[in-house]
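K.L.:
Sending over a structure as structure tokens; questions will come in a sec.
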Amino acid sequence: MADERLPLRSPLGRAIGLGSAKEGVAHWWAQRVSALALIPLTLWLVIAVIGLVGADRQALVLWLHQPIAAMLMILLLAATFYHAALGLQVVIEDYVHREGMKLALVIVMRLLCLVFAVRGILAVLQLALGA
């Protein structure tokens, strides 16, 4: 009969040191809340774009001069890139196994999401304010 060794540590003992079970809860909720925020914002954008079909650049600029349109567009950009950063972080954490590479990729990804969000928001403000 083969010498089958039973583990001497309990499941709890093996899990200790692998991180808190509560660590991901805030991340999970943030992802769900940002997804819920994106639903009406995306529907608003689709309806607005349908209304602008065939319009020229000047019509788009006039549309963005409306404070509500500019504000909703900025909220859409912020929510989109925040939600993307949360989702990409999960993908990186799940599929990159080297800790140094994982940390580097998360930092680069977050910086890129921040740069893209800020650039988009600045573009909306530039069009909305006519600068």
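The values are calculated or read from the model by the stated rules, or taken from the named source; none is laboratory data. On a predicted model such as this, the values are computed, not experimentally measured, just so you know. We place every Cβ from the backbone using ideal geometry, glycine too, and count neighbours over all the protein chains shown. All accessible areas refer to the heavy atoms of the entire protein, side chains included, with ligands and DNA or RNA removed. Shrake-Rupley method; radii C 1.70, N 1.55, O 1.52, S 1.80 Å.
K.L.:
Given (1) within 26 Å of Trp28 (Cβ to Cβ); (2) free of Cβ contacts under 8 Å to residues at least 24 places away in the same chain; (3) crowded, with 16+ Cβ neighbours inside 10 Å, where does Ala78 come up short, assuming only one miss?
P.N.:
(2)
K.L.:
Pull out all pairs, ordered by first then second residue, where Cβ-Cβ is under 8 Å, the residues are six or more apart or on different chains, the first lies in the range 108-124 and is within 11 Å of Leu77 (Cα to Cα) and open to solvent by less than 100 Å² (accessible area, probe 1.4 Å), and the second is modelled with pLDDT of 95 or more and among the polar types (S, T, N, Q).
P.N.:
Ala117/Thr80
K.L.:
Of these, Ala37, Ala48, which one is assigned to a helix (DSSP H, G or I), free of Cβ contacts under 8 Å to residues at least 24 places away in the same chain and among the small types (Gly, Ala, Ser)?
P.N.:
Only one candidate qualifies: Ala48.
K.L.:
Also, quick follow-up: Would you point out which residue out of Leu8, Leu41 is surrounded by 13 or more Cβ atoms within 10 Å (Cβ to Cβ), at pLDDT 70 or above and either closer than 30 Å to Ala79 by Cα or aliphatic (A, V, I, L, M) (or both)?
P.N.:
Leu41
K.L.:
Given the condition hydroxyl-bearing (Ser, Thr, Tyr), touching a Leu at 6+ places or on another chain (Cβ under 8 Å), in contact (Cβ under 8 Å) with a residue 40 or more places away in the chain and part of a helix (DSSP H, G or I), answer yes or no: does some residue in the range 81-90 qualify?
P.N.:
No - not one qualifying residue is present in the range 81-90.
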